[in-house]
Each structure stands twice: as C-alpha cells, then as structure tokens.
Amino acid sequence: MSAPTLGDVVDLLHGWYPPETAAGWDAVGLVAGDPAAPCAKVLFAVDPTPEVAHEAAEWGANLLVTHHPLFLKPVHGFAPVTPKGRTVWTLMQAGCGLLAAHTNADQALDGVSEAMALALGLRDIRPLEPLPTPDSEIGFGRIGTLPAPMSLADFAQHVAGAVPATTAGIKAAGDPARTVQRVALCGGAGDSMLGLAADSGADVYVTSDLRHHVSSEFLEDGTTALVDVPHWAAEWTWLPVVARRLQEALGDRVTTRVSEIVTDPWSLRV
C-alpha cells in the first residue's frame, strides 16, 4: 500500500486542528515541504530545535510536526548560521517538511489541554474557556474531576508521574494537606486564565510559567491551589495522542514517532 502524500497528512492534521482557529498572533500550518511528496514517516515534537531536526533527518522522517512554531516573526532568510536557520536547513537537506500546530491545537478536541487532562486521569472534562457557541467542546484550558479526592501534596506527585521528567520538576503552592478533586488546567503558559480557574470552583489550577507576583496575589484568598508544570513537559502529553490518531487514520501507510528529546531549557538544578 502506497504512502500518503505530505499534503494528505497536512489535510488530516488541519481537519483536526484547523489553522483558522489559531490566535491572530500565531503562525501555524505548513512551514516547509512539498505537498506532493510521499510521506511515510512522521515525527512529533514540542519544539523545532536543531537537535529535533537532526533526529527527524536521521530517522528519515518525511514530516516533522511540532507544537511550537519555528518562526513567529517574519524573516528574510534562513541560512544555517542561526539555530532556526540550521533547523530549516537540516530538514530541507533531508527532504523533511515542517508543520506547526500551536494555539489551534491548544483548544481543539484531542488537543493539548485535553491530552493533559486525560493524562491526569480527569473525568467529565470540558473547556475552561469554551468558544462562544452553545455547549462548545472546544476552547482553551480544561476542567474536570479526579476519580477520588487527594491531598495537594499527593496530587503534585500524581502530576509528576503523568508528565515526562525534567530537571525543573513540579512545583505546588498552597496547603500540602488541603483536599483537591476539581482540577482546572491549561497546557503551556496559562497565567492569563487564573481568574477563570478561580471562578470555576477548581480546587487546584495546573499550568506552566507562573510568575511570582501574579501567583502570590492569586493565592491570597486561599480558594485555589497552584501546580506549576514545566512548559515542555505539559505540552508533550499531546504528542502521543496526535501520533496515535494519525496512525489510526492511515494505518500501515504511515509510521509515527514521538521525540523524547527533552527540549525544556533548564538543565541544572542546585
């Protein structure tokens, strides 16, 4: 059975994560690659780093799908004299395309936040900030319930076991003994949704890149605890989901792989 074209794979991904649903500032979709070329091997990663590009090239991938875009700002060239240039150059030399699914994947069904919620074992999952349509299942963040209540300390351990390990590790804020069961979350940087998390009645809000002052002020009323997960680790939970979805859609016509290269920037903790 012949491999699909790169265009066929892109069409499937765009059907699941429509580019038109991305934020206005975002840059998603096909960055490089010939839509008419065969696409038998697809690698999934969070970040389009040079190391990930080398993995794609060495594995013989025809398409690298990343969550984070390579170019968020316009460029006039991509010679291999910068990290971004080396990423593109490595992929082009290997005949590998590049596609980014960012905020369009954040809010979608089977998207980033939903994958994180499922990794945590949440039930009755719904968007924390649904799109403005009745009973929308699409939107940013997710909220759901744990099968059984647990302490914040135990929940932090539970989160640590559900995401890939990183040097930075998991941080929690609040009384370690407090009971949590209703969980709000946002994959990636989600401090803009702190108010929604508090208003949702969640016992704890899980997200990444929380800043000192906004976290301190949020905790003052003691209503909702916080768990901070390294950005890369939180969003990595989506990769097996989309890889499996593509594999199931195309069967033996394609082989998928999830990169395990840790692209979290923090490499030392003392």
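GNM on the chain, alpha-carbon springs under 10 angstrom: the most fluctuating residue among 249, 197, 101 is 249. Most simply put, the chain has about 45% antiparallel DSSP beta bridges, counting only bridges with both residues inside it.
Please work out the C-alpha center-to-center distance from region 146-178 to region 225-270 and express it in whole Å. Answer, in whole Å: 19.
For region 232-245, the Karplus equation 6.51 cos²θ - 1.76 cosθ + 1.60, evaluated at θ = phi - 60°, returns couplings of 4, 5, 5, 7, 4, 4, 6, 4, x, 5, 6, 5, 5, 5 Hz by residue, with Gly and Pro reported as x.
Report, in degrees rounded to the nearest 10, the 0 to 90 angle that the Cα long axis of helix 50-59 makes with the longest principal axis of the chain. On a 0 to 90 degree scale, this one is about 60. Taking region 167-192 and a reference point 7 angstrom along Cα→Cβ of residue 215, the backbone N atoms nearer than 14 Å belong to 168-175, 189-192. Return the single residue from 133, 49, 179 with maximal mean-square fluctuation; model: Gaussian network over the chain, springs between Cα atoms under 10 Å. Looking only at 133, 49, 179, the largest GNM fluctuation is found for 133.
From the Cα trace of the chain, what convex hull volume per residue do you get, rounded to a whole Å³?
Details: hull volume 38.5 nm³, N = 270.
Per-residue hull volume (Cα only) is 143 Å³.
Charge dipole (Cα centre; +1 on Lys/Arg Cβ, -1 on Asp/Glu Cβ; no other charges) of the chain amounts to roughly 540 debye. Here's the picture: charge each Lys and Arg Cβ at +1 and each Asp and Glu Cβ at -1 in region 15-114, and of 80, 19, 108 the one pushed furthest to the positive end of that dipole is 80.
Bridge orientation summary for region 125-262: considering DSSP beta bridges with both residues in this region, about 60 percent are antiparallel. Taking every DSSP helix (H) stretch of at least 4 residues in the chain, weighting each as -39,500 (n - 2.57) and dividing the sum by the residue count yields a mean residue ellipticity at 222 nm of -9000 deg cm²/dmol. Bridgeable lysines around residue 84 (alpha carbons under 23 Å apart, same-chain partners fewer than 8 residues away excluded): 41, 73.
For region 196-270, chymotrypsin sites (Phe, Trp or Tyr not before Pro) meeting the loop criterion (DSSP other than H, G, I, E, B) and having at most 10 other Cβ atoms within 10 Å: none.
Extension gain, residue 23-residue 223: 0.36 nm per intervening residue step, less the Cα-Cα distance, totals 69.0 nm.
Rounding to the nearest 20 debye, state how big the charge dipole of region 5-126 is about its Cα centre with +1 on each Lys and Arg Cβ and -1 on each Asp and Glu Cβ. List each step's numbers first, then the result.
Values: 6 positive and 13 negative charges, 52 e Å.
My answer is approximately 240 debye.
Considering only 97, 201, 141, the mean-square fluctuation computed in a Gaussian network model of the chain, springs between alpha carbons under 10 angstrom, is largest for 201.
Since every read-out is calculated from the coordinates, none of them should be taken as a lab result. All of these numbers come straight from a predicted model, not from anything done at the bench. We place every Cβ from the backbone using ideal geometry, glycine too, and count neighbours over all the protein chains shown.
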